[in-house]
1. Which one of GLY10, VAL33, THR75 is farthest out on the positive end of the charge dipole of the chain, using unit charges on Cβ (Lys, Arg +1; Asp, Glu -1) and the Cα centre as origin?
2. Could you give the semi-axes, largest first, of the ellipsoid that matches the stretch 6-77, computed as the square roots of 5 times the alpha carbon gyration tensor eigenvalues and rounded to whole Å?
3. Over the chain, with a Gaussian network built from C-alpha contacts below 10 Å, which listed residue (VAL33, VAL17, VAL76) shows the highest mean-square fluctuation?
4. Tilt of helix 76-85 relative to the longest C-alpha principal axis of the chain, in degrees (0 to 90, nearest 10)?
5. When the helices in the chain are scored as -39500 (n - 2.57) per DSSP H run of 4 or longer and the sum is shared across all residues, what 222 nm value do you end up with, to the nearest 500 deg cm²/dmol?
6. How tilted is helix 48-66 with respect to the longest principal axis of the chain? Cα atoms for both, answer in degrees (0 to 90, nearest 10).
7. Only Cα pairs within less than 10 Å get springs; with that Gaussian network setup on the chain, which residue of ASP39, ASP73, ASP29 has the largest fluctuation?
8. With springs only between Cα atoms under 10 Å apart, run a GNM on the chain and tell me which of ALA53, ALA23, ALA14 wobbles the most.
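Throughout, read-outs are computed from the coordinates displayed, never taken from laboratory work. What you are looking at is a predicted structure, and each value in this text was computed from that prediction instead of being measured. Counting neighbours? That spans all protein chains shown, and the Cβs are built from the backbone with ideal geometry, glycine included.
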Amino acid sequence: MSRVTVGRWGKNLAVRVPFDIAATTGLRDGERVEVEVHDGDIVIRRPAAHARADALAAAEEIIGESLGHSLGDVTVRELIDDGRRG
């Protein structure tokens, strides 16, 4: 557990995230996080939508790239069945 000091940042208060915690979690400079109160504690987390957005972007990229490739007259089902016989 790390201990940090709350400081002032303009009209807000700020907490610095120690390097080891940032490195372990993969937190990056400029990344947006959610801050909420839960049972009197302050909880900081990455939004689940962030991971979902990355997955959707990757899926769109894969689909876009696949449109440039052809299997000819062979269907995916035929390839799967051929692989099982193989």
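1. Positive-most Cα among the choices belongs to GLY10.
2. Working: eigenvalues 369, 36, 25 Å².
The answer is 43, 13, 11 Å, longest axis first.
3. Fluctuation is largest for VAL76.
4. Taking Cα atoms only, the helix is inclined about 80 degrees.
5. Numbers: 3 runs with 36 residues, N = 86.
So the helix-based figure for the chain works out to -13000 deg cm²/dmol.
6. 30 degrees
7. In this elastic network of the chain, the residue with the biggest mean-square fluctuation among ASP39, ASP73, ASP29 is ASP73.
8. Among ALA53, ALA23, ALA14, the largest mean-square fluctuation in the Gaussian network model of the chain belongs to ALA14.
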